[in-house]
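Okay, structure first, notes after.
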Amino acid sequence: MAVKKVKTKDKHIKNLARIVESPRSILYHEEDLISYDCDGFTLHRHLPKAVVFPKDTEQVAKLVKYCDDNELPFLARGAGTGLSGGAVPLNGEVIISLVRMKRLLQVDLENRYAVVEPGFINLKLTNSISDKGYYYAPDPSSQSCCTIGGNVAENAGGAHCLKYGVTTNHILGLEVVLPNGEIIEIGKDGVPDRPGYDLLGILTGSEGTLGIVTKITVRILKTPEAKQTVLAYFDEVTDGSQAVSDIISKGIVPAALEMMDKTAIEAVESASFPVGHPRDIEALLLIEVDGISAGIGEQIEQIMEVCNNRNVREVKVAQDEEERGRWWANRKTGFGAMGTISPDYLVQDGVIPRSKLPEVLNRINQISDKYGLRIANIFHAGDGNLHPLVLFDARNPGETESALKAGTECLQVCADVGGSITGEHGVGIEKKEEMRFVFSDDEIMAQTDVREVFNQKSLLNAGKLFPTPGRCVEVKIETKEAASV
Amino acid sequence: MIVADILTDLKSLIPEGQVKEEERQNHSLGNRGQVTVYPKSEAEIASILKYANENGKNISVMGGGTKRGYGGLVETADILLSLSDYKGIIEHTVGDMTLTVRPGTTFKEIQDYLAEHDQKVSLDPAWPEYATIGGIIAANESGPKRLGYGSARDVVIGMKVVYPNGTIIRTGAKVVKNVAGYDMNKLFIGSMGTLGVVSEVTVKLRPVPKHESLVLLSFPKGNMEEIRSFVIDLLDAPMEPTSLELLSPALSNRLINRAHYTLAISFEDVEKSVHYQENFINNSEHNAEVSILRQKETQAFWDEFYTIRPNGTELITNNETEAALKIGIVNLDVLKVIKEAHVLQDANNLVIQAHGGLGHGLCQVILKGASDDVVAAIKQLRYFVVQLGGYVTITHLPLSLRQQIDVWGEQPSYFFLLKQMKSKIDPNNVLNHKRFVGGI
Ligand SMILES: Cc1cc2nc3c(=O)[nH]c(=O)nc-3n(C[C@H](O)[C@H](O)[C@H](O)COP(=O)(O)OP(=O)(O)OC[C@H]3O[C@@H](n4cnc5c(N)ncnc54)[C@H](O)[C@@H]3O)c2cc1C
């Protein structure tokens, strides 16, 4: 009956509203749709046709089937914190929001797994089991608001992924609604290695282009007995990066090994969680070691020694959980902190072999000089995952374009040294064309072949992840012309 | 006639010395080729695949041959592509802890080389002297230390793969974190060589642990409840075992001369931490017989352990049938599976040696005896495991028996996706035809 309140002539909207059984579970007025015209990547915007909020897998399947039958483009959305535009409705999609499917369905501590709905917030999982001494390892900085469904789609990483791996290393099972509305379950009960191609592995990190995840079985871990965190201040960036290599070479596997440069420090110190870092240092390292308590002291000593050998100005160990917490809050809010020193900023996400760190940081500096834009670096140094943050002011004509170009050049540098164009934020819309920095036509086709196996009609999240064919021809013509000059 | 044609064709593609006509007409494990080729470069692999693809020939792919008895319904393909001569280390970046190798490199060659740098690949497959890295990855093989270090899918960061049409693609990259495009590495890990030939593998490395010990706890009463509660306490404590493997009495007897259920618990860390964890076990409540192996002694135990499974390179000379199974189950149900394997031993007049990881849910079961009895026991065990929500795949069995009992068990409900994947990539069924699930 309530469906009567849906006031529109659009029959599709009426039908979609029927599927979700309540007018409160669908948005279709323009003013309501505006907040769904982009995600954490704000440079491309487009209004969706509608936003629907299913309450269970069955509703998701019906919605998808309806879209498929009626050739309506659609996509899934979690918390909308994605940084590459994966949830932007480029084609006026029907957005299937999973935020109301947010239950924790099962926790099996003895067998070390938990089952969640896709809209369940990452940090809530750890919070629900920490009193019993367990946690969920992947910890993106956005963990207090991003969904585990979104984490699966992006194969999200985080500071502690150096030792414990990224999302894909923790996914044991998925229930997925395929683009034709069929429901499949992979890796039931978290049983590993079920025979067949590793669809779990392919779906994780597929950026919502192969299916909609409606249930997730994740591995949970025992909280380490002890943790110690070290903060080291360096007067030279190179010394900081050398220290990173030295620590790894000692055979230490830190739980986290993070770096911030001077500009980044300026920002975090002006934002909500300052911890009193000196403003005149060039780089800091935040290093955490965890594990059996008896073994940690020795590793911390080695780390301090490494830092001292690399001319550290000051190196200290967090004295208690409160101090450790402050250091991490300061680091984890680093992106947002840029807002305090620049009206706009663009986050990049390249990966390089760790040993190339000094060279790449140098080249990023040159890019910064070339465009006259400041670039802050705040990143997962241990696994070579850089986040250059290009600071700009969109009000100045041309500056947005310059920032975009500078960001792209940073990625080119990463690709040049044998790295990758994204370590955890995904390709989305943002880095579609940059895929060509790392993949040949054949390699891209091998991937679109996989997409076709799942998503033949391309109604689900089209126009993401892969360079558009037209554009790739243009790029080729351009490079040919350039080559012939 | 046909063989002669293939020989001639192949010799026009790669040097003659690398092409051999198979002398033996039959192999009890099957997966043979009329002609065997030993490519020495990626280009040669590509040209062989392209030739087969365009001329309606099929290819069986082999590394060291330890898994010859794993899947496959045909005695012979047209061509056996052996990667045993395509080996060696391509690049080792010590500081980045990444290694790129050719697929035919044996696991032992890799570990021996890395040991000089205090690094290792954190996998522990069977028969390291023979098993090649390509085969280990294609079969997604793991051992007890999967608990601590994960499996091939956690270790492989990049590959090069030759597609059936001869196209060479790269997947992943030489960096430890990467989400550019689909995670294509995963498609080939565990695909049993049915999608492409892996021509290069990049793995991330780990430091060799500074100290290592192995605690062996044998439970004379064989009371599963007692073992279970010990294990639950251990798992709930902040200890960090890298293996927590339950050995069946028969296997324990073979390895350490104690015919009891035995837990093999490894600790690998700095010395203080390892001792602390050993003490934790010594001080915890149990009625088990305990022995502790340290450093080199542990290696001797594991060296022996990795040779218990049937090895496809050896020909069986007596009338016994040997089989091996990989079983996946919810972690703690490993207890039930290992017990059932033990019970089935006497019920079927067989030797059954079994082990399973209580922290990761995978078991290996080795059966020896008359072929009818082996097949009967596999069926009984499969029934038992499937009831518990798990699966059984047969990782070693003579061809004639593989034609009688399905190696892969029931097809998953999403089988159509697997099939479409195969037909997209290998539409002519060139590679390892019928080697995998559902006759893929
Ligand atoms: C301040 C900040 C810090 C961040 N830090 C990190 C970090 O440290 N590490 C990191 O990896 N990322 C980080 N991110 C990026 C982002 O938080 C992650 O990518 C996260 O995984 C996205 O989750 P979400 O729920 O917001 O997904 P959304 O943004 O809603 O969606 C992301 C993509 O996933 C798809 N999707 C969502 N749910 C589903 C589903 N159920 N089934 C199928 N597809 C689905 C969408 O279609 C879209 O393509 C950060 C973002 C911000 C804003």
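The values are calculated or read from the model by the stated rules, or taken from the named source; none is laboratory data. Keep in mind that this is a model prediction, so the values were computed, not measured. As a convention, Cβ positions derive from the backbone with ideal geometry for all residues, glycine included, and neighbour counts pool all protein chains shown. Please note that ligands, DNA and RNA were not included when accessible areas were found on the heavy atoms of the full protein model with its side chains. Shrake-Rupley method; radii C 1.70, N 1.55, O 1.52, S 1.80 Å.
Assorted remarks:
- Scanning the stretch A:63-82 for residues that are under 21 Å from A:LYS9 (Cα atoms) and open to solvent by 30 Å² or more (accessible area, probe 1.4 Å) returns A:TYR66, A:ASP69, A:ASN70, A:GLU71, A:PRO73.
Yes or no, residue by residue, for (1) at pLDDT below 95; (2) more than 19 Å from B:VAL334 (Cβ to Cβ):
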residue: B:GLU226; (1), (2): no, no
residue: B:LEU234; (1), (2): no, no
residue: B:ALA250; (1), (2): no, no
residue: B:LEU255; (1), (2): no, no
residue: B:HIS260; (1), (2): no, no
residue: B:GLU268; (1), (2): no, yes
residue: B:HIS286; (1), (2): yes, no
residue: B:VAL290; (1), (2): no, yes
residue: B:ALA300; (1), (2): no, yes
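- Residues in the stretch A:332-370 that are charged (D, E, K, R), within 14 Å of the ligand (Cβ to nearest atom) and modelled with pLDDT under 95: A:LYS332 alone.
- The residue list A:GLY201, A:GLY157, A:GLY205, A:GLY196 contains one member that is within 11 Å of another protein chain (Cβ to nearest Cβ), touching an Asp or Glu at 6+ places or on another chain (Cβ under 6 Å) and on the phi > 0 side of the Ramachandran plot, which is A:GLY205.
- Filter result for B:SER47 (buried (at least 24 other Cβ atoms within 10 Å of the Cβ), polar (S, T, N, Q) and under 31 Å from the mean Cα position of the chain (by Cα)): no
- Subset of the stretch A:270-296 (residues that are in contact (Cβ under 8 Å) with a residue 40 or more places away in the chain and part of a helix (DSSP H, G or I)): A:SER270, A:SER293, A:ILE296
- Residues located in the stretch A:243-264, provided they are more than 10 Å from chain B (Cβ to nearest Cβ) and open to solvent by 30 Å² or more (accessible area, probe 1.4 Å): A:LYS262
- Yes/no for B:LYS272 being within 14 Å of another protein chain (Cβ to nearest Cβ) and free of Cβ contacts under 8 Å to residues at least 40 places away in the same chain: yes
- Consider the stretch B:245-282 and keep the residues that are buried (at least 19 other Cβ atoms within 10 Å of the Cβ) and polar (S, T, N, Q). The one that is nearest to A:VAL253 (Cα to Cα) is B:SER273.
- Selected residue [away from every other protein chain (no Cβ under 14 Å), under 25 Å from A:ILE171 (Cα atoms) and more than 11 Å from the ligand (Cβ to nearest atom)] from A:ASP69, A:ASP37, A:ASP56: A:ASP56
- Any hit, the stretch A:232-241, residues being open to solvent by 20 Å² or more (accessible area, probe 1.4 Å), in contact with a strand residue (DSSP E or B) (Cβ under 6 Å, 6 or more places away or on another chain), under 23 Å from B:LYS204 (Cβ atoms) and more than 7 Å from chain B (Cβ to nearest Cβ): no
- Leading residue by the ranking (farthest from the other protein chains (Cβ to nearest Cβ)) among those in the stretch A:391-425 that are under 18 Å from the mean Cα position of the chain (by Cα) and in a loop (DSSP other than H, G, I, E, B): A:HIS425
- Restricting attention to the stretch B:117-133, the residues being open to solvent by 10 Å² or more (accessible area, probe 1.4 Å) and away from chain A (no Cβ under 14 Å) number 6.
- Count of residues meeting criterion [open to solvent by less than 20 Å² (accessible area, probe 1.4 Å), more than 7 Å from every other protein chain (Cβ to nearest Cβ) and in a helix (DSSP H, G or I)] in the stretch A:426-444: 1
- Residues of the stretch B:234-244 that turn out to be surrounded by fewer than 24 Cβ atoms within 10 Å (Cβ to Cβ) and small (Gly, Ala, Ser), as a count: 1
- Selection status of B:SER60, in a helix (DSSP H, G or I) and at pLDDT 95 or above: no
- Checking A:VAL218 against (1) in a strand (DSSP E or B); (2) farther than 30 Å from A:ALA329 by Cβ, the condition it does not meet: (2)
- Close pairs (6 angstrom Cβ cut-off, 6 or more residues apart or separate chains): within 14 Å of A:ALA415 (Cα to Cα) in the stretch A:346-360, among the aliphatic types (A, V, I, L, M) and within 14 Å of the ligand (Cβ to nearest atom) anywhere: A:GLY350/A:LEU386
- When the residues of the stretch B:168-181 are filtered to those that are closer than 29 Å to B:SER47 by Cβ and open to solvent by less than 10 Å² (accessible area, probe 1.4 Å), the one that is farthest from the other protein chains (Cβ to nearest Cβ) is B:THR171.
Residues checked against (1) over 27 Å from the mean Cα position of the chain (by Cα); (2) of a type in the set (A, V, I, L, M, F, W, C); (3) within 16 Å of the ligand (Cβ to nearest atom):
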residue	(1), (2), (3)
A:SER270	no, no, no
A:LEU286	no, yes, yes
A:SER293	yes, no, no
A:GLU298	yes, no, no
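- Test: residue in the stretch B:63-84 that is open to solvent by 20 Å² or more (accessible area, probe 1.4 Å) and hydroxyl-bearing (Ser, Thr, Tyr): yes
- Summed over the stretch B:400-414, residues that are surrounded by fewer than 15 Cβ atoms within 10 Å (Cβ to Cβ) and assigned to a helix (DSSP H, G or I) total 1.
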